[in-house]
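Working notes, structure below.
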Amino acid sequence: MRVAAGKAKGRLLKGAVSSEVRPTTARVRAAIFNILQASLYRDARVLDLYAGTGSLGIEALSQGAGWADFVDLDRRQCAVIQANLKTTGFSAQARVRTGAVLQTLGNLEGPYQVVLLDPPYKLQEMDEVLEAMASGASVGAMAIAIDDPAVLRESAEIAVLIVRHEIALIDAAATPSRSVERAVDALARPWPVLVATADSPLLSPAMVDHFCGHALISDADIAVGLASATVVLERYPDASRSFLRFRDGRYTGCNLFALMTPAALDAVAFWVRVERDRKHPWRLFKGFGPLAMLRFLMGGATLGDALAAAGRRLGMTTAAVIMPFAEAAIDVDSPNHLDLVKSILRARDEGSSLD
């Protein structure tokens with residue numbers, strides 16, 4: 001992680017000590033200061049709350065701020081901030097305070113012309129998903145369905161992405177399928193529509209483009225992304241995934257759906273049930289009648305058989321896009337998966353910091 005611009009441009013900053021801290025990326029820091037007018041922070045007093053590594057406040061100092069106060073609850077992170085200030089040469093222009101933000105505010109020496117805050121939030125993976133979607137060549141307009149849209153603006157990274165890409169925010173409905181319908185309406189019902197979920201932080205532009213490209217040539221009403229057990233377990237043997245077993249292999253969902261035509265809306269609820277019942281797949285096949293149930297129990301149903309049966313039942317054509325990316329199948333739906341995702345993202349960050 002490096003300073004994006006200004007006097008300390010390119011200086012390497014120490015990263016987070018705690019796995020709970022996700023520093024604001026250089027791209028987002030640059031976007032924030034591009035949006036802010038330089039006159040707002042030049043020679044200004046800056047306050048960086050929930051400072052983490054201090055990257056936002058240090059970016060402000062690098063681009064001309066006169067003073068910065070940093071506040072973070074974690075003493076280890078405050079030590080990282082001190083080290084980063086020394087590395088960048090701004091120790092004489094800053095003070096680091098350890099403590100809870102709300103309790104510390106009354107003891108600060110304002111006023112401040114600029115306040116920067118990137119607080120911890122529960123949707124840590126959302127920025128990864130949005131960045132992957134927005135960066136892909138296959139994605140146009142975007143909409144997010146969420147219970148409380150205001151939560152997204154608590155993160156500086158997500159707020160910047162929402163503004164930059166003109167993302168529509170809508171209230172989530174009672175079920176995922178109804179939320180998809182609302183999102184489609186918010187986008188003026190364009191076709192085709194890509195549906196993804198916010199608990200897939202390892203999604204990348206390459207994955208999005210692979211899925212969309214194959215969905216477009218499938219000539220189906222709806223396409224669903226799947227990854228084989230071989231691909232997932234070869235890369236991450238400890239990944240605790242549930243797989244649907246077919247005669248030609250085992251597969252798990254990737255939380256990627258392509259609604260190619262308006263008819264596909266009728267299939268959204270079906271695919272939600274597929275994922276819900278993947279640990280009890282006989283429930284799924286039971287709805288297709290005794291013959292399909294018997295074939296599945298005897299191991300005689302192929303993935304193609306299942307898709308064809310689904311298409312006949314729903315009155316539309318269906319297709320599977322087999323994803324060659326193990327990470328596409330890893331979502332955050334359990335503590336074990338969260339730990340796995342954090343370790344993968346840390347490895348990515350460590351690799352990028354060497355660039």
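The values are calculated or read from the model by the stated rules, or taken from the named source; none is laboratory data. Source: prediction; values computed, not measured. Note that each Cβ is placed from the backbone with ideal geometry, even for glycine, and that neighbours are counted across all protein chains shown.
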All strands (runs of 3 or more DSSP E) inside the range 95-173 with 1 or more residues being within 15 Å of the chain's Cα centre (by Cα), modelled with pLDDT of 75 or more and not assigned by TED's automatic domain parsing to the domain that holds residue 71 = 143-146
key: Residue among 209, 199 that is within 28 Å of residue 150 (Cα to Cα), in the same structural domain as residue 321 (by TED's automatic domain parsing) and either assigned to a strand (DSSP E or B) or of a type outside the set (A, V, I, L, M) (or both)   = 199
key: Matching residues in the range 63-80 - criterion: being at pLDDT 85 or above and within 18 Å of residue 15 (Cα to Cα)   = 70, 71, 72, 75, 76, 77, 78, 79, 80
ask   = residue 29 versus (1) at pLDDT below 75; (2) more than 26 Å from residue 348 (Cα to Cα): which is the lone unmet condition?
value = (2)
query = Across the range 300-346, what is the total count of residues that are loosely packed, with under 13 Cβ neighbours inside 10 Å, of a type in the set (Gly, Ala, Ser) and at pLDDT 80 or above?
reply = 2
ask   = Can we say residue 5 is modelled with pLDDT under 85 and under 22 Å from residue 201 (Cα atoms)?
value = no
task = Go through the range 215-227 and count every residue that is more than 22 Å from the chain's Cα centre (by Cα) and either crowded, with 16+ Cβ neighbours inside 10 Å or assigned to a loop (DSSP other than H, G, I, E, B) (or both).
result = 6
query = Can you name the residue in the range 174-191 that is modelled with pLDDT of 75 or more and in a loop (DSSP other than H, G, I, E, B) and is also nearest to residue 117 (Cα to Cα) among such residues?
reply = 187
